Amino acid sequence: MDSPLEQVADGVHRCADGLVNFYLVEEDGQLTVIDAGWRRSWSHLQRAVGELKRTLADVQAVLLSHGHPDHLGIAEKMRTALGAPVHAHRDEVKRAQGKADGASPFALVPALLPHLWQPSALAFVLHATGRGFMTPKWVSEVVAFDGDAPLDVPGRPRPLAAPGHTEGHTAYVLADRGVVFTGDALATLDVLTRERGPRLMPKALNVDHAQARGSLQTLESVEVETLLPGHGQPWHGRMADAVEQARRADQ
């Protein structure tokens, strides 16, 4: 069986589960998990932690970029089974708890219907459904943060507000390791068309597409060398160049 783990920077590892990525950050033998995959990603987490010669008890925190079910995944299980607090921006807490308007995955269905004639879009819906997208496990308790102060978790990532895909969508910056975790604010794979390269998520999946496009300006100024998206391969280069490509792709 192929390894689920790819080292993308010093102490930073990508775990791909189908079309979704989540990440593990190491510091002094402890781990922060950034995003939480699908509801059925537990075995991927177990294998990834094992490959790092760690145990699940080393998972100290979970950070959510946003509360869609393909990023919420196993967050609640990590909270209850491992005692790892789940952190999210204050504007994303209700979505992660399943209490926000539009939090239900069924709320995405009307916008997706016009795309289902495309085999790749239909394949994504079937892929997501098979991994538990339509039956999310909401997070009962969420530690809310606001502002951009580094979080007191292993790696001390700095939150960066990047709303538009959802109301409280957040990227995370690890400047000392040269990476930014962009969640779905900036992807390198269009999950509906399978086009590749830096790009916004499809309009059908964004709460406010204009706001998502505006958040590119925030990401543009981040001085790192590696973009780590929620969907697609890592991208290496200047963030300003990635943002420029995303803007062109959105025209």
Taking residue 58 as meeting all but one of (1) open to solvent by 10 Å² or more (accessible area, probe 1.4 Å); (2) modelled with pLDDT under 95, write down the number of the exception.
(2)
I need the full set of residues from the range 189-200 which are open to solvent by 10 Å² or more (accessible area, probe 1.4 Å) and either among the β-branched types (Val, Ile, Thr) or in contact with a helix residue (DSSP H, G or I) (Cβ under 9 Å, 6 or more places away or on another chain) (or both), in order please.
190, 193, 194, 195, 197, 199, 200
It is to be established whether one or more residues within the range 59-73 are touching a helix residue (DSSP H, G or I) at 6+ places or on another chain (Cβ under 8 Å) and of a type in the set (D, E, K, R).
yes
For residues in the range 176-188 being within 14 Å of residue 236 (Cα to Cα) and free of Cβ contacts under 8 Å to residues at least 60 places away in the same chain, which is surrounded by the most Cβ atoms within 10 Å (Cβ to Cβ)?
180
Can you name the residue in the range 77-95 that is touching an Asp or Glu at 6+ places or on another chain (Cβ under 9 Å) and within 10 Å of residue 36 (Cβ to Cβ) and is also least open to solvent (accessible area, probe 1.4 Å) among such residues?
86
Looking at the range 133-151, is at least one residue among the β-branched types (Val, Ile, Thr), over 18 Å from residue 88 (Cβ atoms) and open to solvent by less than 50 Å² (accessible area, probe 1.4 Å)?
no
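Taking the options 170, 193, 182, 218, name whichever one is over 22 Å from residue 14 (Cα atoms) and in contact with a Ser or Thr (Cβ under 9 Å, 6 or more places away or on another chain). Walk me through how you get there before you give the answer.
Numbers: 170 fails: over 22 Å from residue 14 (Cα atoms); 182 fails: over 22 Å from residue 14 (Cα atoms); 218 fails: in contact with a Ser or Thr (Cβ under 9 Å, 6 or more places away or on another chain).
Matching residue, one of 170, 193, 182, 218: 193.
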Per the filter on the range 2-55, residues free of Cβ contacts under 8 Å to residues at least 60 places away in the same chain, among the β-branched types (Val, Ile, Thr) and closer than 19 Å to residue 185 by Cβ are 33
Strands (runs of 3 or more DSSP E) within the range 1-62 that include 3 or more residues more than 16 Å from residue 232 (Cβ to Cβ)
5-9, 20-27, 30-34
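Does at least one position in the range 230-239 carry a residue that is among the basic types (Lys, Arg), closer than 20 Å to residue 9 by Cβ and either open to solvent by 60 Å² or more (accessible area, probe 1.4 Å) or modelled with pLDDT of 95 or more (or both)?
Residues of the range 230-239 among the basic types (Lys, Arg): 238.
Right, trim to closer than 20 Å to residue 9 by Cβ and you get 238.
Cutting the leftovers down to either open to solvent by 60 Å² or more (accessible area, probe 1.4 Å) or modelled with pLDDT of 95 or more (or both) gives us 238.
Yes: the range 230-239 contains one or more residues that are among the basic types (Lys, Arg), closer than 20 Å to residue 9 by Cβ and either open to solvent by 60 Å² or more (accessible area, probe 1.4 Å) or modelled with pLDDT of 95 or more (or both).
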Could you tell me whether the range 155-170 includes any residue that is open to solvent by 70 Å² or more (accessible area, probe 1.4 Å), modelled with pLDDT of 95 or more, farther than 24 Å from residue 29 by Cα and of a type in the set (Ser, Thr, Tyr)?
no
Per the list (1) assigned to a helix (DSSP H, G or I); (2) in contact (Cβ under 8 Å) with a residue 24 or more places away in the chain; (3) open to solvent by 10 Å² or more (accessible area, probe 1.4 Å); (4) not basic (Lys, Arg), residue check on residue 71 breaks on (3)
Does the range 11-25 include one or more residues that are open to solvent by 50 Å² or more (accessible area, probe 1.4 Å) and either among the polar types (S, T, N, Q) or within 21 Å of residue 175 (Cβ to Cβ) (or both)?
no
Can you tell me which residues in the range 27-45 are open to solvent by 40 Å² or more (accessible area, probe 1.4 Å) and farther than 21 Å from residue 133 by Cβ?
27, 28, 30
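The values are calculated or read from the model by the stated rules, or taken from the named source; none is laboratory data. On a predicted model such as this, the values are computed, not experimentally measured, just so you know. Glycine also receives a Cβ, built like all others from the backbone with ideal geometry; neighbour counts cover every protein chain displayed. The accessibility values were calculated without ligands, DNA or RNA, using every heavy atom of the protein model including side chains. Shrake-Rupley method; radii C 1.70, N 1.55, O 1.52, S 1.80 Å.
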